[in-house]
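These notes are about the structure you will find just below.
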Amino acid sequence: MKADTPTRRDQIRWMLADLKLPGALEAADSILAEADGGAITAGEAISKLLGAQIDLRNNRRLQAAMRSSRLPAVKTIEEFDFSFQPSIKREQVQSLAELGFLERKENVVLLGPPGVGKSHLAISLAIAAAKYGRRVYYSTLADLVTNLEEAQAAGTLKRRLAVLTHPALLVIDEIGYIPVSQTGAMLFFQLMSRRYEHASTILTSNKSFDEWGAVLGDEVMAAALIDRVLHHCHIVNIRGNSYRMRHHTEVWKALHPDDQDQSSKEAG
Ligand SMILES: Nc1ncnc2c1ncn2[C@@H]1O[C@H](COP(=O)(O)OP(=O)(O)OP(=O)(O)O)[C@@H](O)[C@H]1O
Ligand SMILES: [Mg+2]
C-alpha cells in the first residue's frame, strides 16, 4: 500500500468522526488492535465499538439528567446488596430496571422503615431511566409541596403542574416524615391526578397506606390518591434492618428491643 493511501484503520476513524461517534472513535484503535491480534472476533469488535458509543451517550445523558433532575446522588442497582435485604425480590427490582413500567405508565411504591434502601432503589431506577433517555425529576414530598405552594402564591400553579406532569418519571421521596398542610396535600393530589395514566411516579414512604391519611391531613383525599396510585402499580414492601445501622448492632437492639433478628444479621 502506498504511503498516502489511507489505511483501513484511518478510513474507520474518518467514518466514525464523520458520523460524530466520539465514543466509538476513542475506542477504535484498541479494539482494532485486539481484532488484528486475534484476541476478539469481528463480531465482538463491532459489538465493542458500538458499546463504547452507547456508554458515552448514556453517561452524557446521565450528566445532563443530574443537572436537571435534582437527583441527590448517583445510586445504582449494581451497588445494592440484595443479600442484606432478603425481603426484597431481586427479580422484581431487576425487572423494574428494564423500564417496561415507564412505557406502561405504571407506578412504583417503595415502603419500609428508615435506612432499608427505599431512596437508593428509587434513585437507581431514575438513573436507569435517565440513561435510557427519559426525562426524570426527583423531589421529597416536603419540597414538592413547597414548590407547588410557591407557584400557587405566585399565580403560576397551572404552569408548574404542567412542568411536573411532563417528566416520564417523577420520584416523590419521603412521604410520611414531615406532615403536609391541607393545601399542600390538595396540590399533591392535583399533581398525582394529572400524572395518573399519563406518566410513571415512584413514591417512597416509611408509613403504610392506612397512615397516609394522617400524613396528608385528609383521609378521604388520601384514599382517592392511593386509589389512583395503586391502579397500575408495583409495590416493593421492604421489611428489614437499616443499612445505615449495620455496623451498630448494639444501638439497633436498644432501639428495637422486641426484634432480636438483627443480632443474627451481619455486624459488618
Ligand atoms: N442493601 C443495600 N446495599 C447497599 N447500600 C444500601 C443498601 N440499603 C441501603 N443502602 C445505603 O444505605 C443508605 C440508606 O439507604 P436509603 O437512603 O435508600 O434508605 P431509605 O429507606 O430511603 O431510608 P429513609 O426512610 O431514612 O429515607 C444509603 O446510602 C444507601 O445507598
Ligand atoms: Mg430515603
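The values are calculated or read from the model by the stated rules, or taken from the named source; none is laboratory data. None of the values given here were measured: they were computed from a predicted structure. We place every Cβ from the backbone using ideal geometry, glycine too, and count neighbours over all the protein chains shown. Heavy atoms of the whole protein, side chains included, go into the accessibility calculation; ligands, DNA and RNA do not. Shrake-Rupley method; radii C 1.70, N 1.55, O 1.52, S 1.80 Å.
Before moving on, here are some points about what is shown:
- Scanning the range 80-106 for residues that are more than 13 Å from the chain's Cα centre (by Cα), assigned to a loop (DSSP other than H, G, I, E, B) and acidic (Asp, Glu), we see that the one that is surrounded by the fewest Cβ atoms within 10 Å (Cβ to Cβ) is ASP81.
- Some residue of the range 39-46 being in a loop (DSSP other than H, G, I, E, B) and surrounded by 14 or more Cβ atoms within 10 Å (Cβ to Cβ): yes
- Within the range 142-151, one or more residues are polar (S, T, N, Q), modelled with pLDDT of 95 or more, more than 14 Å from ligand 1 (Cβ to nearest atom) and in contact with a Leu (Cβ under 9 Å, 6 or more places away or on another chain).
- Filter result (part of a helix (DSSP H, G or I) and open to solvent by 30 Å² or more (accessible area, probe 1.4 Å)) within the range 64-79: ALA64, MET66, ARG67, SER68
- Candidate set from the range 180-194 (those that are in contact with a Gly (Cβ under 8 Å, 6 or more places away or on another chain) and farther than 23 Å from ILE123 by Cβ); member that is most open to solvent (accessible area, probe 1.4 Å): GLN182
- Once the range 61-89 is narrowed to residues that are touching a strand residue (DSSP E or B) at 6+ places or on another chain (Cβ under 9 Å) and either small (Gly, Ala, Ser) or within 18 Å of VAL108 (Cα to Cα) (or both), the residue that is nearest to ligand 1 (Cβ to nearest atom) is ILE88.
- Verdict on ILE202 being crowded, with 18+ Cβ neighbours inside 10 Å and either in contact (Cβ under 8 Å) with a residue 60 or more places away in the chain or closer than 30 Å to PRO257 by Cα (or both): yes
- Residue ID - farthest from ligand 1 (Cβ to nearest atom), chosen from residues in the range 224-255 that are open to solvent by less than 60 Å² (accessible area, probe 1.4 Å) and in a helix (DSSP H, G or I): ALA224
- Residue pairs whose Cβ atoms lie under 8 Å apart, sitting 6 or more positions apart in sequence or on different chains, and linking a residue in the range 75-86 that is closer than 19 Å to ALA65 by Cβ to a partner that is within 6 Å of ligand 1 (Cβ to nearest atom) and open to solvent by 20 Å² or more (accessible area, probe 1.4 Å), are LYS75/SER119; LYS75/HIS120; GLU79/HIS120.
- Test result for GLN92, within 16 Å of ligand 1 (Cβ to nearest atom) and out of contact with any Ser or Thr (no Cβ under 9 Å at 6 or more places or on another chain): yes
- Complete set of residues in the range 129-179 that are open to solvent by less than 30 Å² (accessible area, probe 1.4 Å) and without any contact (Cβ under 8 Å) to a residue 24 or more places away in the chain: ALA151
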